[in-house]
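Visitor: Mind looking over this structure? Questions follow.
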Amino acid sequence: MVSASPSSLPHLTTPRLTLLPLTHEIVVRQLEGQPFTLDLPGVGLVRFDTEWPGDALAIFPTLAEDAALSGGWVLIQAGEAIGMIGPKGLLWGAVEIGYGLRPQSWNQGLATEAVQAVSAWLLTLPQVTRVTAETAVGNVASARVLEKSGFAEVGQGFSEDDGELRLWTLEREG
């Protein structure tokens with residue numbers, strides 16, 4: 001099975017974004033709680049603000065403990081880290097993804113670009129059969145991102161954090 005370690009994730013690009021694998025250095029620097037700038041290979045200078053990565057910051061202490069773990073990709077636009085996207089678990093079978101952008105980057109189609117790029121890459125892996133996602137019932141914007149990315153709603157669920165959920169899947173074509 002393939003894990004989602006930083007070395008197994010490629011550098012991806014979309015028309016407006018660079019998706020760079022999250023590194024241990026980025027995680028550790030972000031946990032220091034101060035804005036910082038890094039010179040990243042293939043990208044150049046990238047500014048990381050204290051509000052980045054939003055809700056995903058809760059997983060950073062776990063990622064900091066093990067340099068082999070990854071939270072996925074950093075979404076970079078015009079030299080700024082604006083969000084994250086990544087698989088939740090092993091890259092095998094049905095792979096669930098999660099994503100989030102800082103509020104200043106909402107409603108610009110950037111999440112859709114990122115979801116489409118990551119989903120397309122995941123579905124090139126022979127061991128990945130489909131990509132899945134969950135959205136809170138009230139999160140209409142996130143549901144729209146998945147709809148525009150070709151996902152189909154397949155059911156409902158529940159989580160302690162988000163309450164009632166909508167379940168989504170994107171199947172490999174062919």
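Visitor: Only one residue in 174, 155, 109 is farther than 30 Å from residue 49 by Cα and at pLDDT 95 or above. Which one?
Guide: Details: 174 fails: at pLDDT 95 or above; 109 fails: farther than 30 Å from residue 49 by Cα.
None of the other options fit; the residue is 155.
Visitor: Can you pull out the residues in the stretch 90-109 that are under 16 Å from the mean Cα position of the chain (by Cα), part of a loop (DSSP other than H, G, I, E, B) and within 15 Å of residue 121 (Cα to Cα)?
Guide: 90
Visitor: Exactly one of (1) in contact with a Gly (Cβ under 7 Å, 6 or more places away or on another chain); (2) without any contact (Cβ under 8 Å) to a residue 40 or more places away in the chain; (3) more than 30 Å from residue 35 (Cβ to Cβ) is unmet by residue 129. Its number?
Guide: (2)
Visitor: For the stretch 74-92, which residues satisfy the criterion of being aromatic (Phe, Trp, Tyr) and at pLDDT 95 or above? Before you say what the answer is, go through the steps one by one.
Guide: To start, the set of residues in the stretch 74-92 that are aromatic (Phe, Trp, Tyr) comprises 92.
Residues satisfying the conditions do not exist here.
Visitor: Give me the strands (runs of 3 or more DSSP E) completely within the stretch 33-89, filtered to those with at least 1 residues that are out of contact with any helix residue (DSSP H, G or I) (no Cβ under 8 Å at 6 or more places or on another chain) and closer than 18 Å to residue 112 by Cβ, ordered by residue number. Break it down into steps so the answer makes sense when it comes.
Guide: Working: elements: 36-40, 44-48, 73-77, 80-87.
Qualifying strands (runs of 3 or more DSSP E): 73-77.
Visitor: Looking at this structure, is residue 122 closer than 22 Å to residue 21 by Cβ, in contact with a strand residue (DSSP E or B) (Cβ under 7 Å, 6 or more places away or on another chain) and modelled with pLDDT of 95 or more? Spell out how you get there, then give the answer.
Guide: Values: closer than 22 Å to residue 21 by Cβ: yes; in contact with a strand residue (DSSP E or B) (Cβ under 7 Å, 6 or more places away or on another chain): yes; modelled with pLDDT of 95 or more: yes.
The answer is yes for residue 122.
Visitor: I've got another one for you. Hey, residue 30 hits all of (1) buried (at least 19 other Cβ atoms within 10 Å of the Cβ); (2) among the polar types (S, T, N, Q); (3) under 26 Å from residue 120 (Cα atoms); (4) at pLDDT 90 or above but one; which does it fall short on?
Guide: Failing condition for residue 30: (3).
Let's see how each residue does on (1) without any contact (Cβ under 8 Å) to a residue 12 or more places away in the chain; (2) within 29 Å of residue 167 (Cβ to Cβ):
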| residue | (1), (2) |
| --- | --- |
| 32 | yes, no |
| 35 | no, no |
| 85 | no, yes |
| 112 | no, yes |
| 121 | no, yes |
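Visitor: Would you point out which residue out of 93, 72, 79, 83 is closer than 22 Å to residue 42 by Cα, surrounded by fewer than 14 Cβ atoms within 10 Å (Cβ to Cβ) and touching a strand residue (DSSP E or B) at 6+ places or on another chain (Cβ under 7 Å)?
Guide: Of 93, 72, 79, 83, the one residue that is closer than 22 Å to residue 42 by Cα, surrounded by fewer than 14 Cβ atoms within 10 Å (Cβ to Cβ) and touching a strand residue (DSSP E or B) at 6+ places or on another chain (Cβ under 7 Å) is 79.
Visitor: Within the stretch 153-169, how many residues turn out to be aliphatic (A, V, I, L, M) and over 19 Å from the mean Cα position of the chain (by Cα)?
Guide: Let us first name the residues in the stretch 153-169 that are aliphatic (A, V, I, L, M), namely 154, 165, 167.
Next cut, over 19 Å from the mean Cα position of the chain (by Cα) only: 154.
Here the count works out to 1.
The values are calculated or read from the model by the stated rules, or taken from the named source; none is laboratory data. Keep in mind the model is a prediction, meaning the values are calculated, not measured. Methodologically, a virtual Cβ is constructed for each residue, glycine included, from the backbone with ideal geometry; neighbour enumeration extends over all protein chains shown.
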